[in-house]
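S.K.: Structure below; questions to follow.
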Amino acid sequence: MSIQFSRALFTIGLLYLLLTPQLFLHCRNGDKKLETRKSFRYNQHNPITSLDPAFARTQNNIWAVDCLFNSLVQLDDSLRIQPCIAQRWSISPDGRTYRFFLRQDVFFHDDPAFPDGKGRRMVAADVVFSFQRLLDENWPKPGSWIFKGRIASDSAFVAVNDSLFQLQLATPFQPMLQILTMQYASIVPREACDYYGREFRRHPVGTGPFQFKIWAENQALVVVRNEKYFEKDAAGNRLPYLDAVKTSFITDRKTAFLEFKKGNLDYFFGLESSYINELLTPDGELQPALAGQFVFLKNPYLNSEYLGIRLDSSTSPLQQKKIRQALNYGINRAQMLRVLRNNVGKPASSGFAPIGLPSFNAVKAPGYRYDPARAAQLLVEAGFPQGRGLPAITLLCNADYLDLCTYLTRQWNDLGLNIRIEMTETALLRQRMQNGQAPFFRASWIADYPDAESFLTCFYSKNATPPNYTHFSNAEFDRLYEASLLATETEHRYELYQAMDRILVEEAPVVFLFYDETAQFASNQVQGLSRNAINLLSLKRVRK
């Protein structure tokens with residue numbers, strides 16, 4: 001028998017032992033009675049590429065990393081900053097010095113990287129190492145951007161003692177605490193990073209509620225309960241409640257949906273036209289026949305869906321603001337969401353920063369409404385009554401959004417506008433957007449962190465592409481944006497954000513479509529699922 005074949009049999013056998021529910025027997029806290037372990041099963045249709053938090057740039061990676069690691073601070077479901085590894089913190093009056101006072105009961109997972117395989121206590125030096133590791137230019141990491149250009153050139157990261165870490169910024173940056181909740185800012189041990197090198201991606205060692213067990217790439221990931229986890233619930237019970245989490249990687253969404261219906265998955269997320277009507281009514285409610293079997297959770301998701309317009313494309317008729325405004329007035333967003341998405345999502349009623357952000361205010365930053373008469377009048381004012389004389393406009397779109405773009409173009413055709421769809425592969429569309437070769441394109445922007453700055457940065461003229469795919473340039477917008485970075489008073493910062501959104505509505509560098517919502521489905525045996533606008537599947541408080 002070959003070594004490769006033997007390893008394959010070992011992997012399959014181990015997965016079988018780990019994933020068969022009836023074999024999940026254990027004895028917890030000295031209890032002599034054996035009980036069935038509680039495992040949570042969900043699917044990711046895209047594979048995990050790394051379990052190293054420095055590479056947690058995609059949802060599938062982020063969800064897995066969240067089980068295994070902790071950061072200094074964390075978000076609750078209302079997007080408020082809460083303690084985590086840091087039990088408290090202080091910020092200097094000038095907004096540049098952050099001091100984090102660390103818990104002393106946080107331990108790294110047991111792992112061969114440590115002497116005798118026993119995980120040690122986490123200290124402030126580990127925070128320094130983790131953040132410096134992100135910035136290692138010899139090994140570029142996607143997460144490095146969270147600090148670049150923001151931290152002091154010297155003594156940015158300091159371990160004052162084992163339980164006090166200090167972060168020094170070059171200039172004030174109010175969203176820094178939100179950024180530190182990201183998985184990129186997870187704390188990792190030097191011993192494991194040195195021991196595994198670049199294979200740390202396959203051998204993660206953290207402080208999180210679950211600890212790594214096995215990862216058969218493109219097949220399954222299994223993590224198990226961290227018996228030494230430091231967080232407790234309000235009653236004093238140690239988290240997490242689950243004993244194990246299994247992630248499968250079925251690439252076909254329809255197949256995964258069928259597995260969920262058969263009870264082989266406890267959780268399912270996302271919608272597609274092939275099965276949306278089996279789950280939801282046209283009004284966005286769970287189908288009555290499924291009410292006793294599943295629960296449906298819907299809440300704001302910090303994702304703005306839009307059509308982008310490159311504003312320095314001299315040959316495009318969309319250089320005229322009135323035509324861009326006409327496009328925005330000429331679409332029925334509410335009808336679009338009901339017909340195509342079973343009311344999952346909210347019409348874009350304000351600017352680019354979506355519902356779910358604490359600064360969102362559609363009264364202070366009103367957006368576009370459906371008004372075909374106003375759209376027609378704007379075309380007259382632009383010199384193209386009923387679209388006569390206006391050259392054809394090409395909209396770049398990928399296959400996933402063909403139905404949406406078709407809906408939009410039909411409404412614009414009713415106004416006399418000749419807008420044609422050009423289908424392109426997702427990777428090619430992104431490349432054309434980055435290279436400035438996409439005059440009119442379908443896109444979306446998901447928050448990196450829960451602050452409107454994460455959206456408004458897309459229109460700051462000093463930013464290249466990405467994120468400024470529209471090449472938007474407006475002096476007043478830039479002034480407000482720069483002022484918001486220095487603003488230390490929360491309400492004042494929100495007013496600056498709303499003023500920027502008013503400029504975006506007036507100038508219309510995009511066609512505002514809708515603010516997304518999460519669509520989560522779970523077995524009715526599952527309790528405690530998180531509902532947050534960053535679409536993070538946090539499992540430490542889930543019961544089954």
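The values are calculated or read from the model by the stated rules, or taken from the named source; none is laboratory data. Source: prediction; values computed, not measured. Methodologically, a virtual Cβ is constructed for each residue, glycine included, from the backbone with ideal geometry; neighbour enumeration extends over all protein chains shown.
S.K.: With the structure loaded, tell me whether residue 313 is of a type in the set (Ser, Thr, Tyr), at pLDDT below 95 and in a loop (DSSP other than H, G, I, E, B) or whether it fails that test.
M.R.: So residue 313 passes the test.
S.K.: Going through region 146-175 one residue at a time, which ones are at pLDDT 95 or above and either under 20 Å from the mean Cα position of the chain (by Cα) or within 18 Å of residue 66 (Cα to Cα) (or both)?
M.R.: Residues satisfying the conditions are 146, 147.
S.K.: Within the bounds of region 65-73, is there any residue that is modelled with pLDDT of 95 or more, surrounded by 13 or more Cβ atoms within 10 Å (Cβ to Cβ) and either among the β-branched types (Val, Ile, Thr) or part of a strand (DSSP E or B) (or both)?
M.R.: Yes, there is a match, as at least one residue in region 65-73 is modelled with pLDDT of 95 or more, surrounded by 13 or more Cβ atoms within 10 Å (Cβ to Cβ) and either among the β-branched types (Val, Ile, Thr) or part of a strand (DSSP E or B) (or both).
S.K.: Here's a follow-up. Consider residue 470 against the criteria (1) crowded, with 17+ Cβ neighbours inside 10 Å; (2) within 19 Å of the chain's Cα centre (by Cα): it satisfies all of them except one. Which criterion is unmet?
M.R.: Against the list (1) crowded, with 17+ Cβ neighbours inside 10 Å; (2) within 19 Å of the chain's Cα centre (by Cα), residue 470 comes up short only on (2).
S.K.: Can you confirm whether residue 415 is modelled with pLDDT of 95 or more, over 17 Å from residue 515 (Cβ atoms) and of a type in the set (A, V, I, L, M)?
M.R.: yes
For every residue, the table says whether it meets (1) in a helix (DSSP H, G or I); (2) assigned by TED's automatic domain parsing to the domain that holds residue 338; (3) under 16 Å from residue 517 (Cα atoms).
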{"position": "258", "(1), (2), (3)": "yes, no, no"}
{"position": "278", "(1), (2), (3)": "yes, no, no"}
{"position": "282", "(1), (2), (3)": "no, no, yes"}
{"position": "292", "(1), (2), (3)": "no, no, no"}
{"position": "296", "(1), (2), (3)": "no, no, yes"}
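S.K.: What tally of residues in region 452-496 results from selecting those that are assigned to a loop (DSSP other than H, G, I, E, B) and either in contact (Cβ under 8 Å) with a residue 24 or more places away in the chain or not assigned by TED's automatic domain parsing to the domain that holds residue 510 (or both)?
M.R.: 11
S.K.: Answer yes or no as to whether residue 95 is at pLDDT 90 or above and farther than 24 Å from residue 253 by Cβ.
M.R.: yes
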